[in-house]
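Single-structure report; data block below.
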Amino acid sequence: MRPLIVIPSRLASTRLPRKALAEINGLPVIAHVAKRAVKADLGPVIVAAGDKEILPVLEGIAGVQTVLTDPALPSGSDRVQAAVQLYDPEGQYDCILNLQGDLPLIEPQSLHHALRPLKHNPSFDIGTLVAPVKTEEEAQRPSVVKVACAFGAEGVARALYFSRSSIPWGEGALWHHIGVYAWRRSALERFVSLPTSMLEQRESLEQLRALEAGMTIGCAKICEAPLGVDTYDDLIKVREKIACQ
């Protein structure tokens, strides 16, 4: 596989405006994410920026390139696709790894794990990551997206549904979805051409559009979900963790 890592980033985030430029230990959030993507050593790292202000903070970071995209694009997936078309119009890269720009604590090795479903099963259109839900509070929190999937000996499971509710019912493991997607390039092209779906709108989860359209998502598990920066409280917690590293 020939992966291209694309990190969509914009300043108009809802809960924490301009969080891409919020500083952690002297570097903005987006720079931390990009540097971790470079350490994965999987392929080129592109930041798909929706705002010109993001570009200067990435200058001088080895291995990181930037693409300016239309700020009016409706989603991160659309931004990723636009960047891919600009950066690689000839289709040299056949796998697009979409890394969310608010995961400054993502482990570089986790990006390798996101590719496992695509390598394991050629029928999977998309690979993604899950980690165990560890507390009842985490299980009930709507901001933690849960995945209904069942792992066998192979360590890869098909995602049957995503929800902000605690699923599935009954005894057994619950899985916390992590916003990293490894797309087959043709799957990404198809996905952004689809209209938003009913369940996608109801749950406010973009990945449900793929499932409703009959696309398949494979999950690989990692030990712990990395803390993302979604609110100011998250930012404080991430600052504390990085200060201790």
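Every read-out reported here was derived from the displayed coordinates using simple, explicitly stated rules and does not represent laboratory data. Model, not experiment: these values are computed from the prediction. We place every Cβ from the backbone using ideal geometry, glycine too, and count neighbours over all the protein chains shown.
In whole Å, how far is the Cα centre of region 118-137 from that of region 165-196?
Centre-to-centre (Cα) distance: 8 Å.
Given the -39500 (n - 2.57) contribution per DSSP H run of 4+ residues, what per-residue ellipticity at 222 nm results for the chain, rounded to the nearest 500 deg cm²/dmol?
The per-residue figure over the chain is -9000 deg cm²/dmol.
Taking K and R as +1 and D and E as -1, what net charge do the other residues with C-beta under 13 Å from the C-beta of Ala187 add up to?
Neighbourhood net charge equals +1.
Calculate, for Leu227 and Ala153, the FRET efficiency according to 1/(1 + (r/R0)^6) with r their C-beta to C-beta distance and R0 22 Å; round to the nearest 0.05.
0.15
Give the lysines reachable from Lys119 as a straight Cα distance under 19 Å; neighbours fewer than 8 places away on the same chain don't count.
Lys221
For every other residue with a beta carbon closer than 12 angstrom to the beta carbon of Leu111, add +1 if it is Lys or Arg and -1 if Asp or Glu, then tell me the sum.
+1
Where in region 218-236 does the label zone of Asn121 land, with the point 7 angstrom along Cα→C-beta and an amide N cut-off under 18 Å?
Residues 218-222 fall inside that zone.
Amide H of Leu4 versus every other amide H placed in the peptide plane: which residues, excluding those fewer than 5 positions away on the same chain, fall under 5 Å?
The list, which skips near neighbours in sequence, is Cys95, Ile96, Leu97.
Around Thr69, under 10 Å between beta carbons, what's the net of Lys plus Arg minus Asp minus Glu among the other residues?
Summing Lys/Arg as +1 and Asp/Glu as -1 gives -1.
Fewest first, what order do Cys223, Cys149 take by the number of other Cβ atoms within 10 Å?
In increasing order of surrounding Cβ atoms, one gets Cys223, Cys149.
Once amide H atoms are placed 1.01 Å from N in the peptide plane, what residues at a sequence separation of 5 or more from Leu174, or on another chain, have their amide H within under 5 Å of its amide H?
Those lying under 5 Å, H to H, from Leu174 are Val133.
Given points 7 Å out from each Cα along the Cα-Cβ axis, report the Gln85 to Leu68 separation in nanometres with one decimal.
In this crude spin-label approximation the distance works out to 1.8 nm.
Rounded, prolate or oblate: which one fits region 1-106, using the alpha carbon gyration tensor with axes a ≥ b ≥ c (rounded when a/c is under 1.5, else prolate when a/b beats b/c, else oblate)?
Judged from the Cα gyration tensor, region 1-106 comes out oblate (a/c at least 1.5, b/c at or above a/b).
Would you mind calculating the gained length between Gln201 and Gln109 on full extension (0.36 nm times residue separation, minus the Cα-Cα distance), in nm to one decimal?
Once the chain is fully extended between Gln201 and Gln109, it gains 29.9 nm.
Could you give each residue of region 18-25 its phi-based ³J(HN,Hα) in whole Hz, using Karplus coefficients 6.51, -1.76, 1.60 with θ = phi - 60°, and x for Gly or Pro?
Values, residue by residue: 6, 5, 4, 9, 5, 7, 10, 6 Hz.
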